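Q: Structure provided below as structure tokens; questions to follow.
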Amino acid sequence: GCLAQALIRRHDLAGRCGIRAEDIEAVSKSLDRADLEEAAARLGGRGPGLTPAGDDYLAGALVADATLRSERERYREAIAAAVHTTAISLAFLAWAARGRSIDPLHRLLAGVATACPRRAGEAIASLAVIGGTSGAALAFGTLARVRAELGLR
């Protein structure tokens, strides 16, 4: 939790993710309640690109949720399927709901799980070069969900 928060700050993920500050604040409160449905309603389909920044953030949160609460797969799948967005993004969200994503995201989760800031930071650096905001938003959503689950802000 503390590591997740430190990584969010150190890599300025809020500033680089392409999501408005007020949306980040609202979604943070949703994640504190493990309410991915509310987060999806706020962010789903928002932002430019083949995978809008809001969807990238949500995908990260879904993957983290799958890691933290595997029993919620049907819940995550229903949320992912209900997002009004691009076809590519819908497919990405469907995979995320099942805990699957691109390799750097899984390396980020491994770095956080093993409390290894260097490994997690390297994964964030790999993510950050993906798209204009996609990688940063993906990392941010992942770390925000981990932070919320561990109850540390």
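Q: For every other residue with a beta carbon closer than 15 angstrom to the beta carbon of A113, add +1 if it is Lys or Arg and -1 if Asp or Glu, then tell me the sum. Can you show the working numbers first?
A: On the way: positive: R69, R107, R118, R119, R145, R147; negative: D65, E122, E149.
Surrounding charge for A113 is +3.
Q: Give the relative contact order (percent, whole number) for the chain; include only Cα pairs under 8 Å separated by 6+ residues. Present the calculation step by step, with values, prior to reporting the outcome.
A: On the way: 262 pairs, mean separation 57.7, N = 153.
Here the relative contact order equals 38 percent.
Q: How high is the relative contact order of segment 74-142, in percent, with contacts defined as C-alpha pairs under 8 Å that are six or more residues apart? Walk me through the numbers on the way to the answer.
A: Details: 55 pairs, mean separation 14.3, N = 69.
With pairs under 8 Å counted, the relative contact order is 21 percent.
Q: Ignoring ligands, DNA and RNA, please state the percent of accessible area on segment 52-102 from carbon and sulfur, probe 1.4 Å. Mind dumping the intermediate values first?
A: Values: 1320 of 2270 Å².
After summing per-atom areas, the C and S share lands at 58 percent.
Q: Can you bin segment 17-99 into rounded, prolate or oblate? Criterion: square roots of the alpha carbon gyration tensor eigenvalues sorted a ≥ b ≥ c, rounded for a/c under 1.5, prolate for a/b above b/c, oblate for the rest.
A: Values: a/c = 1.87, a/b = 1.13, b/c = 1.66.
Oblate is the answer for segment 17-99, as a/c is 1.5 or above yet b/c matches or exceeds a/b.
Q: Between H106 and E37, what FRET efficiency comes out of the Förster formula 1/(1 + (r/R0)^6) with R0 = 25 Å and r the beta carbon distance, rounded to 0.05? Show your work: numbers first, answer last.
A: Working: r = 24 Å, r/R0 = 0.98.
The pair E37/H106 has a calculated efficiency of 0.55.
Q: Among rounded, prolate and oblate, which fits the chain when a ≥ b ≥ c are the square roots of the eigenvalues of its C-alpha gyration tensor, a/c under 1.5 means rounded, and a/b larger than b/c means prolate? Don't jump to the answer; show the numbers that get you there.
A: Numbers: a/c = 1.35, a/b = 1.21, b/c = 1.11.
It is rounded, given that a/c, with a ≥ b ≥ c, falls under 1.5.
Q: Whole-Hz ³J(HN,Hα) for each residue in segment 133-141, computed from phi via Karplus 6.51 cos²θ - 1.76 cosθ + 1.60 with θ = phi - 60°, x for glycine and proline: what do you get?
A: Along segment 133-141, the couplings run 10, 3, x, 5, 5, 4, 5, 4, x Hz.
Q: Ratio of Rg to Rh for segment 80-153, alpha carbon only, Kirkwood? Don't skip to the end; give the middle numbers.
A: Values: Rg = 12.8 Å, Rh = 13.0 Å.
Across segment 80-153, the Cα-based Rg/Rh ratio is 0.99.
Q: May I pose another question? Given labels modelled 7 Å from the Cα in the Cβ direction, how far is it in nm from E22 to R9?
A: 2.6 nm
Q: Right, something else. Kindly report, to the nearest 10 Å², the accessible surface of I130 as traced by a 1.4 Å probe over protein heavy atoms only.
A: 60 Å²
Q: Taking Cα pairs under 8 Å and at least six residues apart, what relative contact order does segment 63-111 come out at, in percent?
A: Working: 32 pairs, mean separation 22.8, N = 49.
Value for segment 63-111: 46 percent.
Q: Averaged per residue, what accessible area in Å² does the chain show with a 1.4 Å probe, protein chains only? It would help to have the intermediate numbers written out before the result.
A: Numbers: 6990 Å² over 153 residues.
Accessible surface, normalised per residue, equals 46 Å².
Q: If you stretched the chain out fully between L50 and E73, how much longer would it get, using 0.36 nm times the residue separation minus the C-alpha to C-alpha distance? Let's see the in-between values first.
A: Details: separation 23, 0.36 × 23 = 8.28 nm, distance 2.46 nm.
So the chain would gain 5.8 nm between L50 and E73.
The values are calculated or read from the model by the stated rules, or taken from the named source; none is laboratory data. This is a predicted model, so every value here is computed, not measured. Ideal geometry is used to build each Cβ from the backbone, glycine not excepted, and the neighbour counts take in all protein chains shown. Keep in mind that these areas ignore ligands, DNA and RNA; they rest on the heavy atoms of the full protein, side chains included. Shrake-Rupley method; radii C 1.70, N 1.55, O 1.52, S 1.80 Å.
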